[in-house]
Amino acid sequence: MSSFLKNMQALRTKSGFTLLEVLIALAIMAVVLAAVYRMHSQTLSMTTANRFYTIAPMLAQGKMAQLEATSDDIITGDSGDFGEKFPGYTWNVTAEDVASEALGEVANDLKQIEVTVALNENEYVYSIRSYRLMVR
């Protein structure tokens, strides 16, 4: 019988990992994978933001240039999108009268024009503002 016990002890020492070792390894892997997932998610978010803040100023300046190229007719608010080349990007133009005592009568012919570019239903927003003297 003693040889049987020796054989059993030999089998125990040669066996694989214990349950505790496997659980510890799984816990470490879970922590590491959660950190990697969080870092990957943040990287994707920052990439989207950086792309927007690179493209949006060019789109807004292009829309502003289109407005400046139009005739001196009264500019009203308008909105739209940039088509298939820039999916998810939208633009909005507002035009308001400028009220300024310092400018006197000139303020009556001055318009404040603001172009706003947005991505994914205003998740990211970029605006530029210009003033235009409306010749009558």
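Quick check: pseudo-label points 7 Å beyond the Cα along Cα→Cβ at A34 and A49, how many nm apart are they?
Result for the modelled spin labels: 2.3 nm.
At 222 nm, what helix-only mean residue ellipticity would the chain give, in deg cm²/dmol to the nearest 500, using -39500 (n - 2.57) for each DSSP H run of four or more?
That comes out to -17000 deg cm²/dmol.
Angle, helix 19-69 long axis vs. longest principal axis of the chain, Cα atoms, 0 to 90°, nearest 10?
Here the helix axis deviates by roughly 10 degrees.
Counting pairs of alpha carbon atoms under 8 Å apart in space and at least six apart in sequence, what relative contact order in percent does the range 52-114 give?
Averaging sequence separation for qualifying contacts and normalising by length gives 22 percent for the range 52-114.
Once you sort the root eigenvalues of the Cα gyration tensor of the range 11-60 as a ≥ b ≥ c, which label holds: rounded (a/c under 1.5), prolate (a/b larger than b/c) or oblate (the other case)?
prolate
Alpha carbons only, please: Rg and Dmax for the chain, in angstrom.
32.5, 115
How long is the gain from S100 to D78 if the chain were fully straight, where each residue apart is worth 0.36 nm and the alpha carbon distance is subtracted?
Using 0.36 nm per residue and subtracting the Cα-Cα distance, I get 5.4 nm.
Please give the helix 2-14 orientation as an angle from the longest Cα principal axis of the chain, in degrees from 0 to 90, rounded to the nearest 10.
For 2-14 against the chain, the angle is about 20 degrees.
Please give the length that would be gained between Y131 and T70 if that part of the chain were fully extended, namely 0.36 nm times their separation in residues minus their C-alpha to C-alpha distance (nm, one decimal).
Result: 20.5 nm gained on full extension.
Taking GluC sites (Glu not before Pro) as candidate sites, keep only those in a DSSP loop with at most 12 other Cβ atoms within 10 Å, then name the longest stretch of the chain containing none of them.
The answer is 1-83.
As an exercise, use a Förster radius of 30 Å and the Cβ-Cβ distance of K85 and Q42 to find the FRET efficiency, rounded to the nearest 0.05.
For K85 and Q42, the calculated efficiency is 0.60.
Once the Cβ-Cβ distance between Q112 and Q61 is put in as r, and R0 is 25 Å, what FRET efficiency do you end up with, to the nearest 0.05?
0.90
Among L110, G80, A56, flag the residue with its Cα farthest along the positive direction of the charge dipole of the chain, charges on Cβ as +1 for Lys/Arg and -1 for Asp/Glu.
The residue sitting most towards the positive pole is A56.
Read-outs: derived from the displayed coordinates by stated rules, not from any lab. Only a predicted model underlies this, so the values are computations on that prediction, with no experimental measurement involved. Every residue, glycine as well, gets a Cβ built from its backbone with ideal geometry; the counts of neighbours run over all protein chains shown.
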